[in-house]
Amino acid sequence: MNLTLKIWRQKDAQSKGKMVDYKVTEISEHMSFLEMMDVLNEQLINTGEEPVAFDHDCREGICGMCSMYINGEAHGPDRGVTTCQLHMRMFKDGDTITIEPFRAKAFPVLKDLVVDRGAFDRIQHAGGYISVNTSGNTQDANAIPISKHAADEAMDAATCIGCGACVASCKNSSAMLFVGAKVSQYALLPQGQVEATDRVKNMVAQMDLEGFGNCTNTGACEVECPKGISLENIARMNREFLSANIKG
Amino acid sequence: MSGFFKSSIGRKYAMALSALFLMFFLLQHFAINILSVFSPNAFNEASHFMGTFWAVQYLLQPVLIFGVMYHFIMGFILEFKNRQARVVKYAKNNGAANSSWMSRNMIYSGLAILGFLVLHFIDFWLPEINTKYIQGDMSGLLADGEGFRYYEELTHKFVNPLRVGAYVLAFVFLSLHLMHGFSSAFQSSGVSSMRKQKLQAFGKAYAIIIPLGFIFIALFHHFNH
Ligand code: HEM
Ligand code: SF4
Ligand code: FES
């Protein structure tokens, strides 16, 4: 198929960017969206132009690197997929596709479609971990009884790949789905209890510091999340935060 | 708890609390107003009680005024801050693909309600304060002393079709506000989804029945007097 692409081009973090139109031809419907971008970039390199910078790594939907806001949605129109798993069969011959970087004050654009999601790392560093003694006497995690229900829910929360689609989709650029998932994956397990109070307080404080907006429960994040992270994780984080503040 | 209300989540709790209070108030307000359809007497009695009982006037009324002000001022602040969290807007954004119109436009439905509240204050609250606390007439009686004035005043207000139209429109916006707001308030308060599913149906019913009831009262008095 033949497509018109409207792509955000921005030289570096300081420059003002703009939308630029490109044409690509003979795109196979079996290609992934990133492969289509590869075709465009090859074309640009052959004509001596600067290729479009975009993030990617695993190309199998597990690393969370690929981003892009495609036709007004994070990771494009398909559900439960990242951009690397988005197939060109979701589009029609002759379509015009708008491609923008994830937008949020806390995710500054570095170049073209590449944004800095370091804010997520800093939130993780603020409390998204447990402290374990690794001196050689480390207790086997399987020795600790955990209910199937809690284990399943913790695993669901832990499938968050930190891609940032939730922030990009949210009208408020809120990071609460991500932080809710990261708080929940520990809050549900016995190993997470010891540091629970500090964890939620510190992670929320860091989230606020990074300049993310505040959740108004539109639910856009849950719909656009490639891993189906549930809004329930935000409700759980709110409960954890309230009880942590009551405990002092 | 010191930093709690400065944090994003603390503010969500406060917002939800003020909204839950407003929804409870709305229910009580509706219960009294609907009496006017069935029994002018009962409506008069209830209005006189609410208008003169000290606990309502000096405790609940200030709490209500604070609650409303807090809610819409925090609503404005939230909206303002949230807009600042995205400096460069998307060239193309398909909000309808992932969220309801109501959830994305709380500030506009809220503004419509605020406009209505101003009109409503001028219509009912200011004259009440004037009669009771400036002229000092706490009797609740008509000028000729023949019975209570509340029902008369109410029906009088719904003669003008423009005012009735404004009221009806405002309640449509209230319904839209609550369609999202009801479940949102519970989600903000951290109520788990298991319990929320039952609440969801109740919330939808509340968001439709209460505003529709108010519309019915306005139209009833417009066409019957
Ligand atoms: C009787 C009047 C009102 C009722 C019953 C009401 C009810 C609600 C409810 C239940 C919520 C959801 C709370 C939450 O998500 O935590 C809400 C949110 C909101 N309200 Fe109102 N509201 C009223 C008036 C107003 C007014 C006058 C404004 C003025 C602008 C307003 C602006 C907002 C905004 C912006 C939100 C979204 C904030 C958020 O979801 O966190 N509301 N309202
Ligand atoms: S919650 Fe979903 S959308 Fe948000 S970062 Fe995690 S995987 Fe991505
Ligand atoms: S490139 Fe790893 S998730 Fe898409």
Item to check | Enumeration of residues in region A:63-80 that are crowded, with 19+ Cβ neighbours inside 10 Å and assigned to a loop (DSSP other than H, G, I, E, B) | outcome: A:64, A:65, A:66, A:67, A:68, A:71, A:72, A:75, A:76
Item to check | Residue check, residue B:223 assigned to a helix (DSSP H, G or I), among the aromatic types (Phe, Trp, Tyr) and either surrounded by fewer than 15 Cβ atoms within 10 Å (Cβ to Cβ) or touching a strand residue (DSSP E or B) at 6+ places or on another chain (Cβ under 8 Å) (or both) | outcome: yes
Checklist entry - What residue, of A:160, A:170, A:166, is within 16 Å of ligand 1 (Cβ to nearest atom) and either in contact (Cβ under 8 Å) with a residue 40 or more places away in the chain or of a type outside the set (Lys, Arg) (or both)? => result A:170
Next on the checklist: Given the criteria within 25 Å of residue B:89 (Cβ to Cβ) and either within 14 Å of chain B (Cβ to nearest Cβ) or touching a residue at least 40 places away in the same chain (Cβ under 8 Å) (or both), does residue A:71 qualify?
Outcome noted: yes
Checklist entry - Any residue in region A:101-117 that is under 25 Å from residue B:79 (Cα atoms), within 16 Å of ligand 3 (Cβ to nearest atom) and more than 14 Å from chain B (Cβ to nearest Cβ)? => result yes
Checklist entry - If you check every pair at least six apart or on different chains, which have Cβ atoms under 8 Å apart with a residue in region A:102-124 that is closer than 19 Å to residue B:89 by Cβ first and a residue that is polar (S, T, N, Q) and part of a helix (DSSP H, G or I) second? => result A:105/B:84
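Here's the yes/no breakdown for (1) outside any loop (DSSP other than H, G, I, E, B); (2) in contact with a helix residue (DSSP H, G or I) (Cβ under 9 Å, 6 or more places away or on another chain); (3) within 14 Å of another protein chain (Cβ to nearest Cβ):
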| site | (1), (2), (3) |
| --- | --- |
| B:9 | yes, yes, yes |
| B:23 | yes, yes, no |
| B:27 | yes, yes, no |
| B:30 | yes, yes, no |
| B:56 | yes, yes, no |
| B:59 | yes, no, no |
| B:65 | yes, no, no |
| B:71 | yes, yes, yes |
| B:76 | yes, yes, yes |
Item to check | Within region B:144-176, considering residues that are over 30 Å from residue B:105 (Cα atoms) and of a type in the set (A, V, I, L, M, F, W, C), the one farthest from the chain's Cα centre (by Cα) | outcome: B:148
Checklist entry - For region B:177-225, which residues satisfy the criterion of being away from chain A (no Cβ under 14 Å), closer than 24 Å to residue B:12 by Cβ and away from ligand 1 (no atom under 11 Å from the Cβ)? => result B:198, B:201, B:202, B:204
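Where a number appears in this text, it was derived from the coordinates with a stated rule and is not lab data. Remember, it's a predicted structure, so these values are computed and weren't measured experimentally. Note: ideal-geometry Cβ built from the backbone for every residue, glycine included; neighbour counts use all protein chains shown.
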